[in-house]
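Contents: one structure, followed by commentary.
The values are calculated or read from the model by the stated rules, or taken from the named source; none is laboratory data. Model, not experiment: these values are computed from the prediction. Cβ sites come from the backbone with ideal geometry, for glycine too, and all protein chains shown count toward neighbours.
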Amino acid sequence: MINLLSWYNPKLPIYLVYMLQQVNYRAPKFIEWLSRNPNLRSVIKRKAFDKTKAAKMLLAFTTATWLLFILVGGMLLFLGSGLLSASGFVILLISPFLSGLSLVVAVYGAHVFIAAPNEKKLMLDSERIFKVHPAIKIGVAGSYGKTTSKEVLTTLLREKFNVAVTPGNMNTPIAHARFASKLDGDEDVLVLEYGEEYPGDTKRFIETTKPDYAVLIGLAPNHLDYYKTIDNLANDLLELRNLGNKKLLINGESKLLQKYLKKTDNVITSKIADGWRISDIKVEISGTSFTMTSNKQKFFLKSGLLGRHHVAPLAMAVVIASKFGLNKKQIEDGVSKTVPFEHRMQPRILAGATLLDDTYNGNIEGILAGLDLLKELKANRKIYVTPGLVDQGEETEKVHHEIAKKLYDVAPDLIVLMDNSATKIIEDALAKLNYQGLVQIEANPLNFYQNIDKIVAAGDLVMMQNDWTDNYN
């Protein structure tokens, strides 16, 4: 009842358009969220309403339709009689829901009749562009680490080549098409991030973008609401084997991926990489350093990226750079310029404390790697913050028990869990392990993040991993 009453709120249009933003204006996802009968008053918890041009237009439309339904209902109620008056009362009663339905119809209609035809043409054009473009094309795939690995590759290869790269985490077919439409044609290398959401995505990316090389960073139980099983996801990603074992580099540090590896795969680890030996790994708050040695060369590498889990992906980039003819100085200089990507193990100082912002991390292997880093680094007090993971499907219980087990081992001074459906799993698992540390359940994530400076002190180390959009609960 409380959830239904939340629809009768003056801020209804803002709530609805905000949630559309959280699902990237996709009507099916929006309808799925609505079907869960959410409490609208509690939706804007993790982020703020982004007043983009599209959002303002949709906000104006939703407000106008709601007012129109209220006006029509009011006129029928007070000016009509009998059935007309009763109809007016019903329209007034359901006016918020009619307004929400109108928003869905408007967004779906705009997609079907305007966006979809334009996108289809753009993607057909992009397939032709990728086919004839003379640049070497490198695909970056995996359940995690794609954006960071893509930026590492780009930074390194720019020491010698003109490199174009898909921006941010834009890794969908339409994002690739928009990227292709902006190419000049004189680029030496194209680096493309491949997302995965629906079965067959990787094969479609290969057919559309025609990669010459690819790197597979890792496997984790993401998007299992569509893939259903991790086997299906692994098989999808491993479509990249069709490039040939010399053209596909696979991160052998990914525990879940190891099950699917073959002897013929070109596997890169933190010890060996395509004939190179890796040694002298050191992890500090300023970055990660290591040495790569072959029969002919020795590279001394220092990256701004934090954590041992970055060594293998960095080595993959070095192997590719070496294949492409970069010399020792170019490779060492390129690696030295690599820094954490936004919200991916990104350090910053706040009130004398060090915050490691890893809120874009949404997979179990990344979570475990972050906790390993938290354990390895020194600090006066260690604080760990997470809402847990989403889209884990049948793996939900398993992965959150694994997180709890790792937290028990790392033993931060304070664990902050954002209150949601995963919280109870982690909390109960910690209790079964007889965890003696302090655990705090936070009901208002946005307020917590905005006031985090009030709970930290100089010398503290705060690890923040993953963040849920408000369409999850």
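Would you confirm whether or not the range 113-129 contains a residue that is of a type in the set (S, T, N, Q) and in contact with a Pro (Cβ under 9 Å, 6 or more places away or on another chain)? Checked the range 113-129: at least one residue is of a type in the set (S, T, N, Q) and in contact with a Pro (Cβ under 9 Å, 6 or more places away or on another chain). In the range 299-395, counting only strands (runs of 3 or more DSSP E) that sit wholly within it, the ones holding 1 or more residues that are of a type in the set (Ser, Thr, Tyr) and either without any contact (Cβ under 8 Å) to a residue 60 or more places away in the chain or surrounded by 19 or more Cβ atoms within 10 Å (Cβ to Cβ) (or both) span 381-386.
Among the criteria (1) at pLDDT 95 or above; (2) crowded, with 17+ Cβ neighbours inside 10 Å, the one THR293 does not fulfil is (2). If you take the residues of the range 396-449 that are in a helix (DSSP H, G or I) and touching a Phe, Trp or Tyr at 6+ places or on another chain (Cβ under 9 Å), which of them is farthest from LYS228 (Cα to Cα)? Step by step, filter the range 396-449, then rank; the result is VAL410. Of the residues making up the range 193-223, those that are among the hydrophobic types (A, V, I, L, M, F, W, C) and surrounded by 19 or more Cβ atoms within 10 Å (Cβ to Cβ) are PHE205, ALA214, VAL215, LEU216, ILE217, LEU219, ALA220. With respect to the conditions (1) surrounded by fewer than 18 Cβ atoms within 10 Å (Cβ to Cβ); (2) within 18 Å of THR202 (Cα to Cα), LYS182 lacks only one, and its number is (2).
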